[in-house]
Structures are given as structure tokens and as C-alpha cells.
Amino acid sequence: MPLVDHHVHGALRRDLTRAEFESSITESDRPVPAWISTFDSSLGFAVRRWCAPVLDLPPYADPSAYVERRRELGAAEVNRRFLGGAGVARFLVETGFRGEELLDPAGMAAAARAKADEVVRLETVAEELAGVAAADFAPRYAERLAERAGTAVGLKTVVAYRHGLDFDPARPSAREVTAAAGDWLRAGGGRLTDPVLLRHVIWAGVDSRLPLQVHTGFGDPDLRLHRADPLLLTGFLEQVEPTGVPVLLLHCYPYHRQAAYLAHAYPHVHFDVGLALNYVGAAASTVLAEALELAPYAKVLYSSDAWGPAELHYLGALLWRRAMSAVARAWAWPAGEAARVAEMMGSGNARRVYRLRES
Amino acid sequence: MPLVDHHVHGALRRDLTRAEFESSITESDRPVPAWISTFDSSLGFAVRRWCAPVLDLPPYADPSAYVERRRELGAAEVNRRFLGGAGVARFLVETGFRGEELLDPAGMAAAARAKADEVVRLETVAEELAGVAAADFAPRYAERLAERAGTAVGLKTVVAYRHGLDFDPARPSAREVTAAAGDWLRAGGGRLTDPVLLRHVIWAGVDSRLPLQVHTGFGDPDLRLHRADPLLLTGFLEQVEPTGVPVLLLHCYPYHRQAAYLAHAYPHVHFDVGLALNYVGAAASTVLAEALELAPYAKVLYSSDAWGPAELHYLGALLWRRAMSAVARAWAWPAGEAARVAEMMGSGNARRVYRLRES
Amino acid sequence: MPLVDHHVHGALRRDLTRAEFESSITESDRPVPAWISTFDSSLGFAVRRWCAPVLDLPPYADPSAYVERRRELGAAEVNRRFLGGAGVARFLVETGFRGEELLDPAGMAAAARAKADEVVRLETVAEELAGVAAADFAPRYAERLAERAGTAVGLKTVVAYRHGLDFDPARPSAREVTAAAGDWLRAGGGRLTDPVLLRHVIWAGVDSRLPLQVHTGFGDPDLRLHRADPLLLTGFLEQVEPTGVPVLLLHCYPYHRQAAYLAHAYPHVHFDVGLALNYVGAAASTVLAEALELAPYAKVLYSSDAWGPAELHYLGALLWRRAMSAVARAWAWPAGEAARVAEMMGSGNARRVYRLRES
């Protein structure tokens, strides 16, 4: 069953040292201490168990042997094996974070023999505007976003990292935006953390009518996890509701039951447990089951949120498939229903939300 | 083993169209979009699996066939089958929400061949007072409540929906109540959302010494879920503690571990995972197990929180029985202990808390 | 496999009545109501299942028989059996809470034929200073702490009980400390709840460079559970990070996934689910599995947090061993990896963090 990976980043184009690989399988942005190996984690064990055989090694191969074999094959072949093996028919690639190190959508499509579309990060578009006049910020942002969104299938906000989800849900006034833009520009632009500007780019995203992805739940320590609880978005979701723009809550762990509630309550809200499944590894079926307790099955999507090593693109799909099967078995679903629901969550819901066409 | 369903509403008296039935198996109060079926959810699958056979259909009958068969039998027969089949000896029926569409306690008793008592919703009693003078609000409320509570076995507050559980726990002064009542009356009465009046009716409820039910956790999007965490009641619970009035936290999901902590810590606090078990369907044993991790077994009650289609009254009981058995098996309880604990949670604790007499 | 119990208190030196024993297997500090038995709980069932055989009784012995047999054997023999049977090679004993009723570290070592080191409670050291001049509080605290810490292996703060984890993470100024000490001393000293003094003793603890244990998550109702979510420590953890002092989040339930995130994100953060495993009994493997979803395996430690009856010292170890085995089996770890990870979490990580020497 081919999947739509509705939120993913590119695979790294270059080879990785042991230290680089270890850093790429943790969400911590700190240097890995000498006394720790990130292979000793649920994700690390999943890499050894499931990815080693793809590189012709036995399950649970030694980390050193694993990284060496990876280099021996070379990044292109590694990417070809993992991306091709994921069984993903279509990647929606978010390009806004260190995209220059990664395969772009076309590169992903080629390596995976799949389709690839773009998802545009709203904050990154703003950060390209440093140098405009304050009064031009809003119109130039609108222009630039329209341009980028012209070929994109969705938008994404990382307000969870830049402020927290407890932002004022109201659209800021034009005057507020100009004032905030002035402050930001005078400080030299750069990383967008001003709450007024963050709200502005989010509402500009809503205006574009493209589906809006929102990072929620765990990620690197740039965020405060308790301020990334998707329930903090409730007021914002209610303000977006009349526009009909679909909102997609990404990842959500450990607040995935809360995300499922929002998807249950609000017609335009969808979610995934993307990033979480990779990171919890063998516990993927537990987390997926919790996510499905309250969720309308038409509101759950598949994503890997993979960034970097193509193992993550592969594992995301593999762990999701295994977790879906385990849940269907544990809940004693008839085979036909299990297949139908897996198809909805694996690709059908994404095709509907993003209006993906086959050609 | 006959159950006491300590928090339930009446069953609908009339037949339901497909659209009406779909709307009655979701907590969302929004119209169900055309591209969604609420049958595609844990509750919907549970209806198809467990309720279809009660209507002489095979498990996992098609939703259309299910709704058609339901209409063919007629509401009275459907209610008779599901209410009679639930194995509930006694219903404590909360009558304060759209009661005119539902079987009243006597109707429930007749349809289920069981006993039925009333639980009075505190806010509804206040809303019947529109038209009094502000200064008369408090004494008239006390009179009216005493009258209603004369035959009731418990009281219920929906402050979670009207404000959130983060209310000031202190009893408001008489002057504050009169002033707030004046504002409310001048605005034409109606839905009670003023925090002072909410606090007043809750404390009036405590004064009556009847057990006090508090909705916590998920429900329709009229509430903010993160403001329905029962832990937000901690200060209020400590203020009620000296009165000895039992407090019953209803439903609690996804904060049921938190509710169990409160029941563990405070002698007068009890809880259930009522509504949640129906909605999580096949995951009921997971949720019940989590609820029982920290809970004193003398503090856990059974409820269905069913409102509307009698499937919910039936499923609540069926899923609870199955979940209790699954937990006892998973935790390797001896059969005698399993039966004893199930009896406590299924009926004994409710009989003690509500002082239910057999006659 | 011998364990290091990195956070534990002494075992009670005296015999216990039925009522005393019941009170010692709940975290509630309220009198146990007549209609409740704390044996009817996950912990109570675990005592009957696993501890009864250690006292030569059958599994699930009757509570009365259990307590009687306990008294018949006498506290010394009971302690010898449970402490000796726990398979703990080293106890890190926190001595700051009602230590006079308990075996001290030497007594624990003798009864268990194990090593025992001390962990010093920061607030208790301050409470011994009543009577000093306000201006002397800080220097005298430093002196006293240096003295106590001279032989201790770690420090512990109970700020969760005294204020909540939502304290201002900044180190208070000398002037603020003197002023707050003046207020505290004028009020007669006693229980330390002033937030400035709490922050002072915590930072004094950090200055000592010993590993810092922080109680988080559930405990007796002296705390507000929602203010004991370890995520509320995020700002504090970031301020401690440059010092390199290890922080150990204790217990964490029901926020253990959140604690695992902090251990994932920050190199100096470690955690356990100590207290929780005893209290959730048969559900220990569920809770441990959740804790391990996101946790680096080098960051998880074993503790029992036992205080009082030696059953808790024994059960903590037994439930942890059983839970580790169950998780390894459920996640299909190879035997060698399972043993390696269990050794890390059971003792190796503690030996590294606390720099424990064999002699």
C-alpha cells in the first residue's frame, strides 16, 4: 500500500561520520556527550533492527559496523535504498530548514521514484525579507508568499519553536505589523520570534487557503514542550474554522490524545503522530493506538517528519505500517475494515485534504 | 453482575435518521461534513461490532443497514433491547440537558426494567430563575434546589463547560452573588456562565450535602479541554473536604491518571472514566487500566454518560465489563479478587457513596 | 543483577499495626476512612501477591493474616528478609524526612548486607538553621551544607512540595536572601516554603557540584500535581546546564513521558520512575515502557523511593526487574542487548552519575 508522507524534509546528500550520524538520530541540538551513544534509544534500536538489513547487515548490527557500511555504500545508494524501500508514492516536502544540505523535492522524487510536492515554511519566507522598509513588510510578504505558494500544496508554521502555541489567536492589525516589522528590521532581521510577526505570517498563510501544518508536541529544545500542547491552539482553531482552511497538527507527542480530541471536535482539524513513531520505535503501536482512541479515522494522516538520514524516511513508513497492523489486530478489526482504514490514514485523507491530483 | 450507572442521561424517545444517528455518536457539536462518517471511529466501530447483533444484524454490519434496521424496529423496541440488555440495575439519571427529548427516569426504569433515580444539574436549576429580583436570586435558588434535591440522589455541575475548572474555589459573598445575579438578569438570564454565579450554585450544592458530580475531561467543544483537567479542582476539593461531601469526577479523559491521583490523595474524591470508555471503544481496557494504576479501588465507579441513542447505554456497560475482565486477566488477579473488585466498581461503591437503598 | 537504588529512604525500625501499615502504603496523608482498605489498590495487591511469600504466606494472603505475620516475625526479621531479598547492592539513602523513625544508611547497609551512601535534603539543612541572624543565613547554610555534603553522594530538593516547580529559575541575590531569611526567622523558622529561600538552597546545592535530585510528579497532597510537571523546570534546567551538574528528575508520574523528553533534550538531565512503579504495581511495565519511549537509555536510573515498610524496598526492585523483562520481551530485544540495557539502567548509569567507587 503506497503512502503519502504529508510532512517530510529531504534526505541528506552527503556521507556522515559516526558522530554526525549519532547527532542526526536525536532531537537534542546539544553535542552528544562522550559517555552516551544515541544508538542506545528506541530510535537507535529501531535503526539497528530494521535498517541494518537494508544495508545487507544482520539485525542489530553493531553501530560502528552500521555507520561504516553506510559510508561504504555512499549517500546516493543509501538514499536510493531507504527512500525507494519506504513505499511512499508521494512526499510533501517542507523545504524551510537547512534545505541546502538536503535533496530538494525533485531530488527526493528521483531517488525514491515517487512524486514530490513542496510545503512552504511561513517563517522562512519572512526571513528572506530582511532589508525591506517596515511599511512594505506586509505587502512584500504577501507577494512573496503568493509566489512560493503558487506551486506548493501546503504551508507550515513553526510558531511552537519561535514563541509557543499560547499566542494571541487574533489577526494583528496592519499598524501593529508595521511597528513590529520596524523593530525586527532595525535589529537586522534574522530569526523571526516576534509574536506579532508570527501571527501575521500565520494569518497570511490562512488567507492563501492552502492547508496549514502546525508543529506541535516534542521537537528540539528550542521549544518549551508544555507550550507546544496543541490544546493551546483551541482559540486559534476556532478563529480559523469559518474560513474552512484545513489545519494539520503535526506529531503532537506526548499530547497526541489531546490532538485527537481537537480533530474529533473541529471539522477542519487533522493530525498525525509522525515524528513520534520514529522516535518511540518499538512502542509505535502504543502511541498510534492512543492517537486513534478518539480520532475520527478521516482525520489522521501519515507523516515521517524525516529530516536528514534516509533511515528516517524508511523507518517512519515501516513503523507506521507495523503499528497500523498491530492496532488492527489488537482491536480485532475485520481484514476489510483494517485495509480500508489503513488506506484512509496512509494516503486517502492526505489526497483529500491537499487536493492531490494523480498527474 | 448488575451495575449501577451512576451518571447517565435518558435514551432518545424517537427514531433517528442516518444523519441524526451520526451526529449522536460524536461529541462534536458541529455539522458532520459530507466527507466524514462518524461510524469511522472507535465508537462507530464498537457500535457496528457489538450493537449490530442486538438488532439481529451480523457484527460490523454496514452503517446504512444498521440505521435502517434501527428504524424498522422503532425507537421503543431499540430502547427496550439496549436498555434491557445493559444489565444495569439502577440508573442515576442526570436530567438537566435537553431532557424533553429523552426518556425521563421513570421511562428509563420502565424500558430497562430497572430502578432509576435523578441527579439534578445545578446550572439548569438556576436558569429556571430568570425573572426573579437580583436580591432574591440566592434565596430562591436555595428553595428551588431544596425542592429538586428532595428526591434526587446527587447533584452535577458543568462548570467545565461554562467557565473551566480553574475557577476561584472560594464561596462568593452574598453581595457578590446579588451583583452578579443583577447583571445576569438584566442580560435576560439564559445560559449561566458568570463565574460568581457558577461558584454560588456549586457551593449551594455542597450545602445540600448530596454527592456532587463534576464533569471533567473531554466533552463537546463548548469546553476548553486544557481547562477541564481535574487537577485544576485541587484547591476546591480541599475546601470541600471538611464538609465530608463526596465529589465524583466524571469521565476525566485524557486526564484520568490525574483524577486517580486526586482520588488517591483525598478521602472524599471518587471518579469514573464513563464517557471515555464508549468513545475509545476497543481501547477501553487501556484507558481503564491507566485509571486503575493509582486509584483506590473503593473510589472508582461505573458510568456510561450515555445521552441519546440507547446504544450508548448498552455499550458503556458492555465495554466496561470487557475492560474489567481484560485488566483482571492482564494483571493476573485471582478470580475471587477480580469478582470482588468488579462488584465494588460496578455497583458497591456507588451504593455506598449515594446511600442507595434497595427498596 | 545487583541494583543501585539511587533514591530511597530508610526502612522503619518498629513493628506496625494494621492501621499503621495501611497508612504506609498510600501517598495520602489523610486518615484512611473506615470504609476503605489501602490493600485494595495496585500497591496493596502487589504486596499481597509478591511480599506475602517472602513472609512464608501464600500469594494474595488476607491483609489481616499478612499484618499479623509481619508482627510475628518482628521488624528486624521483616527488614532483613525484604532488604536482603531486594538484590540491591547499594542504596543512596535520602535522610531528610522523619529520619529518626528509620534505619539510617549504616542500618540499611547492615540489614541488606549492601553498601549505603547518603543523599542530603537541601531544605532540611536550612530548617536546622533557625536561630541564626538573617545576614548569617547564607554563609551558615553554605558551611552546613559543605559539612553534610562532605560525605554525601547527592543532594535532593523537595521544592515541588514547598512551592511547585514553576519557581523563578534565577539565582536570588544576596540581598533578597537576607531579607527572606529575616522574614522566615522572625516567623520562627520551621518549614521552608519561601520561594527565595528555596531558590537559594537549590542554587547552593548546584554550587556544591553534587548531583541534584528533584522530586517531580505525584506524591502526597502537600503538592499540587499540575505544578509538579517536570516541564516546568525547563528554564531552570537550562540555567544549570552550563555548570555540568547532573540533575535527576525523580518519579515523574504521570508526567514521565515529559521527563523522558527533558532527558532526551538536555545532556545533564536524567530521570527515574521510581515511586510510580511501586504504586502502579501490576502496571509497572506499562509505565516503564512509556518512560523508555523517548529516553536515552544512558539517562534512566532505578530507584524505589521506598520510605517506611521494607516491602517497598523489595517490591520496587522486583517490579522494576519484572517490568524491564516485560519491556525487553514486548520490544523483541535480543537477549544481549536486553541485559546490557538493564545493567545500564539498574546500576551503571547511577555509578557514572554519582561517581560511585567500589570500595
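The values are calculated or read from the model by the stated rules, or taken from the named source; none is laboratory data. Keep in mind that this is a model prediction, so the values were computed, not measured. Note: ideal-geometry Cβ built from the backbone for every residue, glycine included; neighbour counts use all protein chains shown. Each accessible area value is taken on the protein alone, full model and side chains, heavy atoms only, with ligands, DNA and RNA left out. Shrake-Rupley method; radii C 1.70, N 1.55, O 1.52, S 1.80 Å.
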Any residue in the stretch A:310-325 that is free of Cβ contacts under 8 Å to residues at least 24 places away in the same chain and more than 30 Å from A:Gly99 (Cβ to Cβ)? yes
Taking the stretch C:1-17 and keeping residues of a type in the set (Val, Ile, Thr) and surrounded by fewer than 24 Cβ atoms within 10 Å (Cβ to Cβ) leaves C:Thr17
Taking C:Ala295, is it within 14 Å of chain A (Cβ to nearest Cβ) and farther than 19 Å from C:Tyr253 by Cα? no
Return the only residue of C:Leu73, C:Leu92, C:Leu83, C:Leu57 being of a type in the set (A, V, I, L, M) and touching a Cys at 6+ places or on another chain (Cβ under 9 Å). C:Leu57
Here's a check for you: in the stretch B:52-73, which residue that is more than 16 Å from B:Ala310 (Cβ to Cβ) and among the charged types (D, E, K, R) is surrounded by the fewest Cβ atoms within 10 Å (Cβ to Cβ)? B:Asp62
Can you tell me which residue among A:Leu319, A:Leu312, A:Leu275 is modelled with pLDDT under 95, over 30 Å from B:Ser23 (Cα atoms) and more than 9 Å from every other protein chain (Cβ to nearest Cβ)? A:Leu275
Applying the selection to the stretch C:298-309, what residues are more than 15 Å from the chain's Cα centre (by Cα) and either surrounded by fewer than 24 Cβ atoms within 10 Å (Cβ to Cβ) or modelled with pLDDT under 95 (or both)? C:Ala298
Check the stretch A:82-96 and report whether any residue there is within 21 Å of the chain's Cα centre (by Cα), open to solvent by 30 Å² or more (accessible area, probe 1.4 Å) and closer than 14 Å to A:Ala306 by Cα. yes
Conditions (1) at pLDDT 95 or above; (2) open to solvent by 30 Å² or more (accessible area, probe 1.4 Å); number of the one not met by A:Ala326: (2)
Residue check: is A:Tyr266 over 16 Å from B:Phe45 (Cα atoms) and at the interface with another protein chain (Cβ under 10 Å from one of its Cβ atoms)? yes
Could you list all residues from the stretch A:288-305 that are closer than 26 Å to A:Leu12 by Cα and part of a helix (DSSP H, G or I)? none
Looking at the stretch C:208-231 only, could you name the residues that are open to solvent by 40 Å² or more (accessible area, probe 1.4 Å) and either free of Cβ contacts under 8 Å to residues at least 60 places away in the same chain or touching a strand residue (DSSP E or B) at 6+ places or on another chain (Cβ under 6 Å) (or both)? C:Arg209, C:His226
Would it be correct to say that B:Trp331 is more than 12 Å from every other protein chain (Cβ to nearest Cβ), out of contact with any strand residue (DSSP E or B) (no Cβ under 7 Å at 6 or more places or on another chain) and not charged (D, E, K, R)? no
With respect to B:Ala149, is the statement that it is at pLDDT below 95 and crowded, with 17+ Cβ neighbours inside 10 Å true? yes
Among the residues of the stretch B:169-187, count how many are without any contact (Cβ under 8 Å) to a residue 60 or more places away in the chain, assigned to a loop (DSSP other than H, G, I, E, B) and aliphatic (A, V, I, L, M). 1
Exactly one of (1) surrounded by fewer than 15 Cβ atoms within 10 Å (Cβ to Cβ); (2) part of a strand (DSSP E or B) is unmet by B:Gly190. Its number? (2)
Pairs, please: C-beta under 7 Å, at least 6 apart or cross-chain, first residue under 9 Å from B:His163 (Cβ atoms) and in the stretch B:191-202, second assigned to a helix (DSSP H, G or I) and open to solvent by 30 Å² or more (accessible area, probe 1.4 Å)? B:Thr193/B:Arg162; B:Asp194/B:Asp183; B:Leu198/B:Arg162
State which residue is nearest to A:Asp183 (Cα to Cα) when the search covers only the stretch A:112-140 and only residues that are part of a strand (DSSP E or B) and among the aliphatic types (A, V, I, L, M). A:Val120
Can you work out which of the residues in the stretch B:232-256 that are surrounded by 21 or more Cβ atoms within 10 Å (Cβ to Cβ) and either facing another protein chain (nearest Cβ under 8 Å) or of a type in the set (Asp, Glu) (or both) is farthest from C:Asp229 (Cα to Cα)? B:Tyr253
Could you check A:Ala260 against (1) under 20 Å from B:Ile25 (Cβ atoms); (2) open to solvent by 20 Å² or more (accessible area, probe 1.4 Å) and say which number it fails? (2)
Among the numbered conditions (1) open to solvent by 20 Å² or more (accessible area, probe 1.4 Å); (2) within 29 Å of B:Asp104 (Cβ to Cβ), tell me where B:Asp183 comes up short. (2)
Condition (residue is at pLDDT 95 or above, in a loop (DSSP other than H, G, I, E, B), among the hydrophobic types (A, V, I, L, M, F, W, C) and touching a strand residue (DSSP E or B) at 6+ places or on another chain (Cβ under 7 Å)) applied to the stretch C:159-168: is it met by at least one residue? yes
